[in-house]
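Accompanying notes for the structure given below.
Nothing in this text is a laboratory measurement; each read-out follows from the coordinates by a stated rule. Treat the numbers as computed from the prediction; the structure is a model and nothing was measured. So basically every Cβ, Gly included, is an ideal-geometry build from the backbone, and we count neighbours across all protein chains shown.
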Amino acid sequence: MNLPAYLQRDFAPQATPAAVVTAPGVRFTVLSARLLRLEYAPDEMFEDRPSQAFWYRQQPVPDFQTSRSESELTIKTRSLTLQYQLGKPFSAETLTITLHDAETAVARTWHYGDPQTDNLLGTYRTLDEVSGSTPLELGLMSRAGWAVVDDSRSLVFNEAGWLAPRRTHPEALDLYFFGYGHDYRACLQDFSRIAGQAPLLPRWALGNWWSRYWSYTQAELTQLMRDFRDHHVPLSVCIVDMDWHITNVHYEGVTWSWISSGWTGYTWNRELFPDPEGFIRWLHEQGLKTALNLHPADGVWPHEAAYAAMAQRMGVDPASKKPVKFDIADPAFTQAYLEELHHPLEAQGVDFWWMDWQ
């Protein structure tokens, strides 16, 4: 299917040819003096499509030199020296990268497979049910001065602009070596160039937010915002938690799900919010942004105002009263989901969404 413009992205995934060095079964790309892409593909099927993480491999070509002997390939930038034993899979003996620290004149050598024991780690997908210590994913920052991002099994964007699995050899590798010493700012700069820059947060997002899991009425929440103003407490955002939508939902035979618990919903609870458009307009008049809480996992059920439209678009007979399953990996569902559920509420004035995945 052809994706609408709001789901399309501009990519520049194919590296400039002058930055690419190939040998049988391998491809190395010099993305910057401190950043190398390392690919191994026994079938010579290398990946040029954008991945989930890396969209902009087409970068200005840095100065570098290459040399080859019968057995070895060497690539040298001002910061890194890569050495690879030709014709062999990546291993600690066949692939090394030496980092040259201009400040200390100390060289450190990475061998393929070296554990990232000095990595300062990244984040964790969810803190639900976490109590105490929990293992974190690897990050970009490391006291060792280098980090390796393994992109081998990530999804890629296909020709239609939608995410799809890679078609790669099971032994294929797609690695990104960040060698920055202790210039952590340079590491982030390189990452943002190939992954895409994070948009600057709007000024209001840095202010005070109000959010409470509570069944406020429109009148109560309006008065609460007035009380904050009268007590000279500045607010930027008023979040409306899940009781903005219908929560008292019961379906025969459904004993437990997010829908029976009232978590999933897209239809205003008019008993609590008789005039949602007027409420949002009033918030905006007070200089407040607002977001609604969503738990989308249980799909769209017959009590929703948009059920018939969603069902028809997804090939479900509305008369069947069967729920429309949530499937964000399906482009047809995603388009219908945004156009039938999100966009009408955004037209009412919703500024952004609290996507509270459950």
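From largest to smallest, the equivalent ellipsoid semi-axes obtained for segment 20-112 from the alpha-carbon gyration tensor read 21, 18, 12 Å.
Model label points for GLN312 and ARG212, set 7 angstrom from Cα along the Cα-to-Cβ axis, are 4.2 nm apart. Normalised by residue count, segment 146-240 yields a Cα convex hull volume of 214 Å³ per residue. Between ASP128 and MET45, the FRET efficiency from the beta-carbon distance, with R0 = 51 Å, is close to 0.85. For the Cα trace of segment 5-195, dividing Rg by the Kirkwood Rh returns an Rg/Rh value of 0.97. Judged by the mean number of other Cβ atoms found within 10 Å, the most tightly packed of the peptides 52-65, 32-45 leads the ranking 32-45, 52-65. If you fit an axis through the alpha-carbon atoms of helix 218-230 and take the longest principal axis of the Cα set of the chain, what angle between them do you get, 0 to 90°, nearest 10? With both axes taken from Cα atoms, the answer is about 70 degrees.
Once the Cα-Cα distance is subtracted from the 0.36 nm per residue extended length, the GLN197 to ALA297 segment shows a gain of 33.1 nm.
Shown in residue order for segment 109-125 are the 3J(HN,Hα) couplings computed by the Karplus curve 6.51 cos²θ - 1.76 cosθ + 1.60 at θ = phi - 60°: 10, 9, 10, 3, x, 4, x, 8, 5, 9, 5, 7, 6, x, 10, 9, 4 Hz (x for Gly and Pro). When the chain is treated as a GNM with alpha-carbon contacts under 10 Å, the residue of TRP210, TRP162, TRP146 showing the greatest mean-square fluctuation is TRP210. With the simple model of a label 7 Å out from the Cα in the direction of the Cβ, LEU155 to LYS321 spans 3.3 nm.
Applied to segment 200-209, the Karplus parametrisation 6.51 cos²θ - 1.76 cosθ + 1.60 on θ = phi - 60° returns per-residue 3J(HN,Hα) values of 5, 4, x, 4, 5, 5, 8, x, 7, 10 Hz, with x for Gly and Pro.
Couplings 3J(HN,Hα) of segment 184-198, computed from phi: 5, 4, 5, 4, 5, 5, 4, 4, 5, 5, 9, 9, x, 6, 6 Hz, in residue order, whole Hz [Karplus 6.51 cos²θ - 1.76 cosθ + 1.60, θ = phi - 60°; x for Gly and Pro].
In summary, the lysines within cross-link reach of LYS88, defined as a Cα separation below 27 angstrom excluding same-chain residues under 8 places away, comprise LYS76.
Each 10 Å bin, from zero up to the one with the longest distance, holds this percent of the alpha carbon pairs of the chain: 4, 18, 23, 20, 17, 12, 5, 0. The C-alpha atoms of segment 203-355 occupy a region whose extents along the principal axes are 53, 30, 23 Å, arranged from largest to smallest.
Axis of helix 276-285 versus longest Cα principal axis of the chain: the two differ by about 60°, to the nearest ten degrees.
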